[in-house]
Structure formats: C-alpha cells, structure tokens
Amino acid sequence: MEDTVAPRIFGFSDVAKSGLLGEEADALLEAALLRINGGPFSASAAYLHGRGLVGSLGAEFTGQTVARLFRNPAIAGLKREPDGSLVDAGHPRILTPEQFAQLEERDAEDAKKKSSDSGGEATDAYEYVYGSSDLVVCGLCGAYFHGLRTNSGHPGYCCSAAPRADRPGTCGRVRISAQLLEDHLGEQLVARLSLPATQRDLEDAREDARTLAAELRKELDDLNAGVDSLAGMVLRHEITASSAKSAKTDAKRQQKELARRIRVLERAAATPVTGSVPELVAWWNSASVEAKAGLAQLMLYRVDVFPGGQGVRTLKPGRVKLWWRNQPPPPPAGEPQE
Ligand SMILES: [Zn+2]
C-alpha cells in the first residue's frame with residue numbers, strides 16, 4: 001500500500017495525510033464513538049478487529065494501540081502546538097474537533113475514577129454485580145462467589161464455602177477485589193458485544209434461559225405440592241412429625257435455591273439483546289447491576305476465579321477464566337486444573 005517505511009496513521013491514505021481511506025476512516029469514527037459513549041478501549045479494538053481491520057503496520061488492534069490512536073490529534077485534523085493548544089493541521093480529518101475533545105474528556109474521567117478508586121474510600125452500599133448469580137465460582141472448590149467486604153472494608157467477592165457460625169466450611173480460600181473483577185468482566189463482555197456473531201448467540205442464550213426457567217418453575221411447583229402433603233402424611237401416621245419437620249426444612253432450602261435460580265434466569269431472559277454496537281455499549285454503561293448480571297449470564301457459562309496475591313490491583317493471566325457460551329461447556333467447577 002505504501003512506498004515509505006514510516007508508519008502512516010490508520011484511516012489516512014498516506015504518511016502525509018493527504019487523503020482518507022474510506023473504510024478505515026469510517027471504522028475509526030465508529031470505534032471512537034464507542035469510546036465517547038463510555039466504552040473501554042478494548043471494545044473499540046474489538047470493533048475494529050470485528051470489521052477485519054488491522055493497524056497500519058499490520059498488527060491486530062489492542063486496547064493500548066487504540067488508546068494511542070485516539071490520543072493523536074491528527075485524526076481530528078489537528079496538531080498540538082508546543083504550548084499544548086490544538087490548532088488546525090490543514091489536512092483531512094476523521095473526527096470533528098468536538099469529538100476529539102470528548103475523547104479527551106473520557107480519558108480525564110477515567111483518570112479521575114482511577115485515583116478515587118485507589119483512594120480507598122469504602123462506600124456504604126456497594127452493589128455487587130455478580131453477587132447473586134451462580135456465574136462466578138471458586139476455581140478451587142466450585143462454590144459460588146458472594147459479595148463480602150474485606151477487613152479493611154473494601155468490596156470483594158469471596159468463595160462462599162468458608163466456615164460460618166451455622167456450618168463448618170470446606171474452602172473459602174479465594175477472594176478478589178470486586179472492582180478488579182467487575183472491570184475485567186465488563187471489558188470482556190463489552191468487547192464481545194462488539195463482535196458481529198454475538199447478537200445471534202444472545203438470542204439463542206435468551207431462549208435457553210426462558211426454557212430452563214420454565215423447567216425450574218415446574219420443579220418448584222412440585223416441591224411446594226410435596227411440602228403441602230407433608231401435614232396429611234403426619235396426620236395419617238405415614239411419617240413422624242419430626243421427619244416431616246426435617247423434610248420441610250430441606251424443602252425450604254431447596255425452594256429458596258430454586259427461586260433464586262429462577263430469578264437469575266428470568267433476569268437474563270429480560271436482557272435486551274438488540275441494538276447497534278454503540279447502543280449496546282451505551283446500554284451497558286448505564287445498566288443496573290441486575291441487567292449487567294443478566295447479560296453476563298447470557299454470554300457466559302461460568303467464570304472461575306483462582307487465588308491471587310493479596311492486594312493485587314491487576315489480574316495475572318489465568319487468574320480469572322471465562323467460559324463463553326458460544327464455546328464448548330466447561331468441566332464441573334473446582335476440578336483439578338493442572
Ligand atoms: Zn472455594
């Protein structure tokens with residue numbers, strides 16, 4: 001494409017930026033709008049990748065390379081003066097200067113958010129996105145994760161098989177910062193949303209969730225009917241009062257569990273799955289924790305979390321394993337991995 005070895009900027013036809021490459025420029029604008037609407041850089045990278053585009057040096061886009069591209073004022077026909085101000089560069093532009101300013105605003109917001117996160121202020125009512133689903137489980141034992149504050153008050157997720165007052169525990173050895181896990185899953189999910197095949201997968205998953213919810217509701221009805229018949233069995237001396245009592249306690253626990261699973265599935269089935277990529281990304285950014293959990297449930301079989309260092313602020317590879325629904329289902333959770 002180029003005679004020269006100097007890298008041209010993606011979207012421009014040549015190093016001198018004398019013209020635009022229609023498809024690249026169009027895709028770059030769409031990717032920038034994703035970012036302006038609140039998406040992470042990785043979503044924009046996934047979008048460009050999904051359109052079959054690579055960087056001007058032939059490398060696949062990453063969050064990092066997209067971030068660099070979005071911070072280059074040339075994409076908006078601008079150049080930066082030594083004093084930091086932006087002036088017209090006299091060549092074609094892909095974004096308007098206003099859009100470029102919005103990109104800069106998003107960077108500033110992110111920086112502000114990061115610094116307040118590390119400020120370590122414990123909030124009173126943390127909304128755990130994955131606190132009441134079976135989605136996130138302990139990689140060691142397979143127990144689901146629940147939201148739990150650390151001793152210092154930071155929101156986290158923890159293996160639910162820890163010892164408690166009412167029962168001995170078997171594990172409870174894995175925990176993770178809530179923000180770290182939620183940010184990671186959010187980025188991965190939004191990046192997936194940007195892929196063309198995702199929408200059809202979501203429709204299928206939604207149908208599955210509906211079917212399973214209906215089956216569980218039937219199971220719950222049967223269970224309720226069984227509980228209702230216990231009293232009669234005691235009256236007819238078919239069972240003792242104490243065994244009826246323990247059967248009832250058992251059934252109560254199962255009812256609670258079934259009702260919870262039905263709630264999770266119905267929530268998933270109610271998740272919107274249509275809309276353009278920017279619409280879905282915008283939706284994600286303003287969605288309630290329930291809706292986010294519902295969408296995650298539609299896209300993932302399960303998320304396994306393995307032990308990591310204390311107070312670590314980044315995820316080391318392999319710590320969080322995502323099992324996507326458009327891939328083969330995972331083995332039972334908590335199986336030995338090595
Ligand atoms: Zn565990």
Ranked E238, E187, criterion: other C-beta atoms within 10 Å, fewest first: E238, E187
Relative contact order, percent, the chain [alpha-carbon distance under 8 Å, six or more residues apart]: 18
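Full extension from S243 to D166: what is 0.36 nm times the residue separation minus their Cα-Cα distance, to one decimal in nm? Walk me through the intermediate numbers first.
Values: separation 77, 0.36 × 77 = 27.72 nm, distance 2.07 nm.
The S243-D166 span can extend by a further 25.7 nm.
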Residues whose placed amide H lies under 5 Å from that of V129, excluding near-sequence neighbours: none
Those lysines that a straight Cα-Cα span of less than 20 Å connects to K218, excepting residues fewer than 8 apart in one chain: K248, K252, K256
In sequence order, calculated HN-Hα J values of region 87-101 (Karplus, 6.51, -1.76, 1.60; Hz; x Gly/Pro): 10, 4, 9, x, 10, x, 10, 9, 10, 6, x, 5, 5, 5, 5
GNM result for the chain, Cα springs below 10 Å: residue of P196, P82, P73 fluctuating most strongly: P82
From the C-alpha gyration tensor of the chain, square roots of 5λ in Å: 50, 22, 17
Enclosed volume per residue, in Å³, of the convex hull spanned by Cα atoms of region 200-295: 82
In order through region 10-27: 3J(HN,Hα) via Karplus (6.51 cos²θ - 1.76 cosθ + 1.60), integer Hz, x for Gly, Pro: 3, x, 9, 6, 7, 4, 6, 6, 7, x, 10, 8, x, 5, 5, 5, 4, 5
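From the Cα gyration tensor of region 22-118, with a ≥ b ≥ c the square roots of its eigenvalues, which class applies: rounded if a/c is under 1.5, or else prolate if a/b is larger than b/c, or else oblate? Working shown, then result.
Values: a/c = 1.82, a/b = 1.03, b/c = 1.76.
It comes out oblate by the Cα gyration axes.
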Placed amide H near G77: partners under 5 Å, 5+ positions off or other chain: I94, L95
For the chain, cysteines whose Cβ has no other cysteine Cβ within reach (under 4.7 Å): C158
Selected from A268, A197, A291 as most flexible by GNM, with the chain as the system and alpha-carbon contacts under 10 Å: A197
Unsatisfied cross-links (Cα-Cα over 32 Å) in the set K112/K292; K17/K316; K17/K292: K17/K316; K17/K292
Dipole axis of the chain (+1 Lys, Arg; -1 Asp, Glu on Cβ), positive-most option in A291, L135, A74: L135
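Fewest Cβ neighbours within 10 Å first, please rank R175, R217 accordingly.
Numbers: R175 20, R217 15.
Neighbour counts put them in this order, fewest first: R217, R175.
Which ordering of K17, K316, K245 is given by a fewest-first count of other beta-carbon atoms within 10 Å? Before the final figure, lay out the partial values.
On the way: K17 19, K316 10, K245 13.
Neighbour counts put them in this order, fewest first: K316, K245, K17.
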Most fluctuating residue given options C159, C138, C171, as computed from a GNM of the chain linking Cα atoms under 10 Å: C171
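FYI, it's all coordinate maths here, none of it is from the lab. What you are looking at is a predicted structure, and each value in this text was computed from that prediction instead of being measured. Cβ: placed from backbone, ideal geometry, glycine included. Neighbour counts: every protein chain shown.
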